[in-house]
Amino acid sequence: MKALDELTFDNRFARLGDAFSTHVLPDPLDEPRLVVASNAAMALLDLDPVVAETPVFAELFSGHKLWAEAEPRAMVYSGHQFGGYSPQLGDGRGLLLGEVYNQAGEHWDLHLKGAGLTPYSRMGDGRAVLRSSIREFLASEALHALGIPSSRALCVIGSNTPVWREKQERGAMVLRLARSHIRFGHFEYFYYTKKPEQQKELAEHVLSLHYPECMEQPEPYLAMFSEIVERNAEMIAKWQAYGFCHGVMNTDNMSILGITFDFGPFAFLDDFDAHFICNHSDHEGRYSFSNQVPIGQWNLSALAQALTPFISVDALKEALGLYLPLYQAHYLDLMRRRLGLTIAEEDDQKLVEQLLKLMQNSGVDYTLFFRRLGDESTALAVARLRDDFVDLAGFDAWAEQYKARVARDGDYSEAQRRERMHAVNPLYILRNYLAQNAIAAAESGDYSEVRRLHEVLSKPFEEQAGMEQYAQRPPDWGKHLEISCSS
Ligand code: AMP
Ligand code: MG
């Protein structure tokens, strides 16, 4: 366990130089205070969790203090936003403080979001508000606990600094951790600004530090791109299987590591709805729940375009062609497990599709359905769940097929089945209304609800005593909360 001043820095991205990022000092927040910290994220830096409660912790992660070895930089990138190319984006309100390596030899980027103006702030104020910082914190740690690759969050620091959105709010900072903050948009920036030397440097940096195994392959860059395709296919399969809606899948928000990244107006589905749009500003539904799958491919094509200096178009196309089959294989595998099935059968895809259609028509709670399906024997579980459906004949027909399918799958005891299913079907997810309750309390100075919710979500598959209220369908007011990008 380390104290705060014992972190060891090795700022590899900063060393790429001024063509890649600009030195900027954080602009501190007034009267910083700890809102919430993640012990699991602290462990990634070998930090003793007790240090989160010390005043110096809040000072470091609100821009008042810096380690001597830190080198705060705003990264430059561009990207496709809602399908159109934005030639100049970059860290407009976040800074890469530096890279820390832990005892296991892993490097972690420390990125402070909400740290003030940078050369890339455009019309923005460089700030993040408490509500969006809490949302990013909770989602990062909840996704990780569900087994969905994601950037992590160390802490949220609140303050008295006024920040204007639709109304006056308070500024906050979230300390984000990731093995890298390089996005698809970094490659697009050097490609479209026609800077081949820097683009090569960037590609070598990513290859050698993040995809070293690809360096052994005959075509290292192609191997790297194929791996990125595979990781995205798997990540998006997990989003779809668990009902996660990212909300702003612009290419500047897509990590080169295939982790869930830079989510603002995200949501987990309550009722199953394939057409759900979580981003209030997404009028066309470009990033609706079911569109995430083709958009994943669209984004990879945009990256492929930026990699044409290194990889032939034919090879890129072939690698891109793997996205959908890989996605489908990962998705089906997860959905089978969610249904408690252990072997693959030809018609499983249909079984899943039929179920989702019935759930859609009846507005069935996506998370609770699967959890309850594993609570009891198959026959009892489907008999009880039947009440949630409007199309009873449709559900009965599905249930008959499902029971027959389970019988063919193997002869498991009820206890074995429950254990297996509960290990993949969470009881607790980050429902928007739960986040909203925690935010409302935090905005009035009470951080206990954010902390409790974070705790509960860190063990989503484990039934926790006295936490029944976190495993309920939303109340009417909490069903369709509008979340926009302006955070
Ligand atoms: P996002 O929608 O959060 O992914 O942000 C898109 C771009 O806008 C990025 O370049 C951000 O850094 C920038 N940006 C978002 N919010 C702000 C803000 N409040 N101040 C400055 N830049 C911002
Ligand atoms: Mg972004």
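The values are calculated or read from the model by the stated rules, or taken from the named source; none is laboratory data. Since this is a predicted model, take the numbers as computed values, not measurements. Glycine also receives a Cβ, built like all others from the backbone with ideal geometry; neighbour counts cover every protein chain displayed. SASA here: full protein model, heavy atoms, side chains in, ligands and nucleic acids out. Shrake-Rupley method; radii C 1.70, N 1.55, O 1.52, S 1.80 Å.
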Inset, instruction - Return only the number of the condition from (1) in contact with a Lys or Arg (Cβ under 6 Å, 6 or more places away or on another chain); (2) within 27 Å of residue 205 (Cα to Cα); (3) in a strand (DSSP E or B) that residue 140 does not satisfy. - result: (3)
Inset, instruction - Please tell me if residue 224 is crowded, with 21+ Cβ neighbours inside 10 Å, closer than 18 Å to residue 304 by Cα and within 16 Å of ligand 2 (Cβ to nearest atom). - result: no
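Each row is one residue, and each column tells you yes or no for (1) in the same structural domain as residue 166 (by TED's automatic domain parsing); (2) in contact with a Leu (Cβ under 8 Å, 6 or more places away or on another chain); (3) modelled with pLDDT of 95 or more; (4) within 10 Å of ligand 1 (Cβ to nearest atom).
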| residue | (1), (2), (3), (4) |
| --- | --- |
| 47 | yes, yes, yes, no |
| 54 | yes, yes, yes, no |
| 59 | yes, no, yes, no |
| 74 | yes, yes, yes, yes |
| 108 | yes, yes, yes, no |
| 111 | yes, yes, yes, no |
| 118 | yes, yes, yes, yes |
| 125 | yes, yes, yes, yes |
| 132 | yes, no, yes, yes |
Inset, instruction - Say whether the condition of being hydroxyl-bearing (Ser, Thr, Tyr) and touching a residue at least 60 places away in the same chain (Cβ under 8 Å) is met by at least one residue in segment 195-210. - result: no
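Out of 332, 351, report the one residue that is touching a residue at least 24 places away in the same chain (Cβ under 8 Å) and among the hydrophobic types (A, V, I, L, M, F, W, C).
Numbers: 332 fails: touching a residue at least 24 places away in the same chain (Cβ under 8 Å).
None of the others qualify; the one that does is 351.
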Inset, instruction - Scan segment 292-306 for residues that are within 13 Å of residue 233 (Cβ to Cβ) and among the aliphatic types (A, V, I, L, M) and report the count. - result: 3
Inset, instruction - Take the residues in segment 78-101 that are out of contact with any helix residue (DSSP H, G or I) (no Cβ under 6 Å at 6 or more places or on another chain) and of a type in the set (Ser, Thr, Tyr), then tell me which one is farthest from ligand 2 (Cβ to nearest atom). - result: 101
Inset, instruction - Give the residue that is nearest to ligand 1 (Cβ to nearest atom), with candidates limited to residues of segment 242-274 that are small (Gly, Ala, Ser) and either at positive phi or buried (at least 23 other Cβ atoms within 10 Å of the Cβ) (or both). - result: 247
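So, residue 289, is that one touching a residue at least 60 places away in the same chain (Cβ under 8 Å) and outside the structural domain of residue 144 (by TED's automatic domain parsing) or not? Outline the logic, then answer.
On the way: touching a residue at least 60 places away in the same chain (Cβ under 8 Å): no; outside the structural domain of residue 144 (by TED's automatic domain parsing): yes.
In short, no.
Taking the conditions exactly as written (part of a loop (DSSP other than H, G, I, E, B) and closer than 16 Å to residue 306 by Cβ), does residue 200 satisfy them or not?
Details: part of a loop (DSSP other than H, G, I, E, B): no; closer than 16 Å to residue 306 by Cβ: yes.
So residue 200 fails the test.
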Inset, instruction - Give me a count of the residues in segment 465-487 that are away from ligand 2 (no atom under 16 Å from the Cβ) and in contact with a helix residue (DSSP H, G or I) (Cβ under 6 Å, 6 or more places away or on another chain). - result: 5
Legend entry - Those residues of segment 2-17 which are without any contact (Cβ under 8 Å) to a residue 40 or more places away in the chain and open to solvent by less than 40 Å² (accessible area, probe 1.4 Å), in sequence order: 17
Inset, instruction - Under 6 Å between Cβ atoms, at least 6 apart or on separate chains: pull out the pairs that start in segment 146-167 with a residue that is open to solvent by 20 Å² or more (accessible area, probe 1.4 Å) and end on any residue that is of a type in the set (Gly, Ala, Ser) and part of a loop (DSSP other than H, G, I, E, B). - result: 165/486
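So, of the residues in segment 114-130 that are open to solvent by 10 Å² or more (accessible area, probe 1.4 Å) and in contact with an Asp or Glu (Cβ under 7 Å, 6 or more places away or on another chain), which turns out to be nearest to ligand 2 (Cβ to nearest atom)? If you could, list the steps in order and put the result at the bottom.
So in segment 114-130, the residues open to solvent by 10 Å² or more (accessible area, probe 1.4 Å) come out as 117-125, 127, 130.
Next, only the ones that are in contact with an Asp or Glu (Cβ under 7 Å, 6 or more places away or on another chain) stay: 117-118, 120, 130.
On the way: 117: 16, 118: 13, 120: 11, 130: 19 Å.
Residue satisfying both the conditions and the ranking: 120.
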Legend entry - Exclusive hit being among the acidic types (Asp, Glu), more than 16 Å from ligand 1 (Cβ to nearest atom) and either at pLDDT 95 or above or open to solvent by less than 10 Å² (accessible area, probe 1.4 Å) (or both), set 91, 30: 30
Inset, instruction - Please enumerate the residues belonging to segment 131-145 that are in contact with a strand residue (DSSP E or B) (Cβ under 7 Å, 6 or more places away or on another chain), open to solvent by less than 40 Å² (accessible area, probe 1.4 Å) and away from ligand 2 (no atom under 15 Å from the Cβ). - result: 134, 137, 141, 143
Inset, instruction - For residues that are under 19 Å from residue 413 (Cα atoms), open to solvent by less than 40 Å² (accessible area, probe 1.4 Å) and assigned to a helix (DSSP H, G or I), tally how many sit in segment 350-387. - result: 6
Inset, instruction - Go through segment 275-285 and count every residue that is buried (at least 17 other Cβ atoms within 10 Å of the Cβ) and either within 16 Å of ligand 2 (Cβ to nearest atom) or farther than 15 Å from residue 239 by Cα (or both). - result: 3
